[in-house]
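What follows is a set of notes on a single structure, which appears directly below.
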Amino acid sequence: MRILVFNQYYPPDTSATAKMAALMAEHLAGRHEVTVVAGRPSYDPTEYYPWALLRRDVQNGVTIERVGSTAYPRHEMKRRVANYLSYLALAVPRAIALRSDLVLAMTDPPIAGIAGGFVAQVTSRPFVYNIQDLYPDMAVGGDIVRAGKWVERWEKLHRRALRQAARVIVLGDDMRNRVLAKGISPERVAIVRSGATFPSSMPEKYDPVVEELRCGLRFVAVHAGNLGFYGAWNTLVEAAKIIRNEDSGFVFVGDGANRAAIESFAEGLPNVRFLPFRPVEQIPHVMMAGDVHVVTVKRGLEGVVVPSKLYSILAAGRPVLAVAPPECDAARIVTEAGCGIAADPDDPAAVAQAIRTLRDDPSRLAEMGVRAREAATKYARVDELNRLTAIVEEAAAR
């Protein structure tokens, strides 16, 4: 079967969706012919490409066709939108021209699902919609755009794409509930989680890199990943203020659109540190550096965004502090598995108390690490990718 994957970001882009697109495409390529229509790398890429109307590469059995979209740094919204629009203007005609048996669209740019559905419709191909972030809900809930007539039009087009899809793939139960609330038939909505890969080994806690990441704090809550629009960042900083004199604090490893604002809010706090992304080979060190790892979703965005990093934390055997509403998948998984604590994303005192509870009970913390590793076995990435492959094949056979 010839599968066309429609998504702007693909490695060397470094976004979580780019990495997931590559994992998915390469897994599908083990059984099928896969072509990805992507844009020029622009999401903090590890490599920049010179402009060309079309660049074609083959990587790990996947054909990547990159259209000549703009590649402005994404931190300024106007330039990011320029990247989106130039990608869509070139990618849609190219996707229509390519021969394929099925169109699989993701969510970069935010209207990629609508565009992918259009490509599938005009070429009479089956359509599978793999939702990584739910738009326009994410844009409105994350205060990126204001609700209005054009957002209502966006939502209308998005619901049409959802109804058109032979299968809609989502990341968790909370996102599935969001999609069902839009009137989509339950039998067409399937859950495929990001899944976990287990590290072959972990460094010692007193490894020099681990100690560097801990920034001299006795008890460290690490948030590793994108500092985007979805997190309860102010709550975390307010919690840090409460425990500022207790030799405990937060280390943020990564970057994102909200980093500058969070840094400004945390200015002067001795127990809040910001570090850049680490190289891939140091990810186990980042995992070991946290006595507990923070996963956060602010209230109102449960099911709109599903943090994929939860599964990597579990696979590394690290306890989790889920600063998220109880309806959120992360909070539910952590609570049911007993591998961490969930705290109200609107209550800094509850977050501070969770830190104290974990810090003051080392034996409980160690038990949570063991349970995290056990929970991760339920979400092995290869099993999730096999499930996705079966869903795509079933959709094509309809």
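The values are calculated or read from the model by the stated rules, or taken from the named source; none is laboratory data. Here the structure is a predicted model, which means the values were calculated and not measured. Because the Cβ atoms are built from the backbone with ideal geometry, glycine has one as well, and the counts that use them run over all protein chains shown. For the accessible areas, the whole protein counts, side chains as well, though only heavy atoms, and no ligand, DNA or RNA atoms are used. Shrake-Rupley method; radii C 1.70, N 1.55, O 1.52, S 1.80 Å.
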Subset of segment 165-182 (residues that are surrounded by fewer than 21 Cβ atoms within 10 Å (Cβ to Cβ), under 20 Å from Ala139 (Cβ atoms) and of a type in the set (Gly, Ala, Ser)) = Ala181
For segment 137-164, name all the residues that are open to solvent by less than 10 Å² (accessible area, probe 1.4 Å) and touching a helix residue (DSSP H, G or I) at 6+ places or on another chain (Cβ under 7 Å).
-> His158, Ala161, Leu162
What are the residues in segment 34-60 that are part of a strand (DSSP E or B), open to solvent by 20 Å² or more (accessible area, probe 1.4 Å) and in contact with a Ser or Thr (Cβ under 8 Å, 6 or more places away or on another chain), if any?
-> Thr35, Arg56, Asp57
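Would you confirm, using the coordinates I've provided, whether Pro307 is open to solvent by less than 10 Å² (accessible area, probe 1.4 Å) and either at pLDDT below 95 or assigned to a loop (DSSP other than H, G, I, E, B) (or both)? Full working, then the answer.
Working: open to solvent by less than 10 Å² (accessible area, probe 1.4 Å): no; either at pLDDT below 95 or assigned to a loop (DSSP other than H, G, I, E, B) (or both): yes.
It is false that Pro307 is open to solvent by less than 10 Å² (accessible area, probe 1.4 Å) and either at pLDDT below 95 or assigned to a loop (DSSP other than H, G, I, E, B) (or both).
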What is the one condition in (1) under 22 Å from Val280 (Cβ atoms); (2) over 22 Å from the mean Cα position of the chain (by Cα); (3) surrounded by fewer than 23 Cβ atoms within 10 Å (Cβ to Cβ) that Leu213 does not satisfy?
-> (3)
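Residue under question is Ala257, and the condition is that it be at pLDDT 95 or above and either open to solvent by less than 40 Å² (accessible area, probe 1.4 Å) or in a loop (DSSP other than H, G, I, E, B) (or both); does it hold?
Here the answer is no, as Ala257 does not meet what is asked.
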Can you spot a residue in segment 72-84 that is at pLDDT 95 or above and open to solvent by 40 Å² or more (accessible area, probe 1.4 Å)?
-> no
Within segment 319-335, residues over 23 Å from Met288 (Cα atoms), part of a helix (DSSP H, G or I) and open to solvent by 10 Å² or more (accessible area, probe 1.4 Å) come out as Arg332
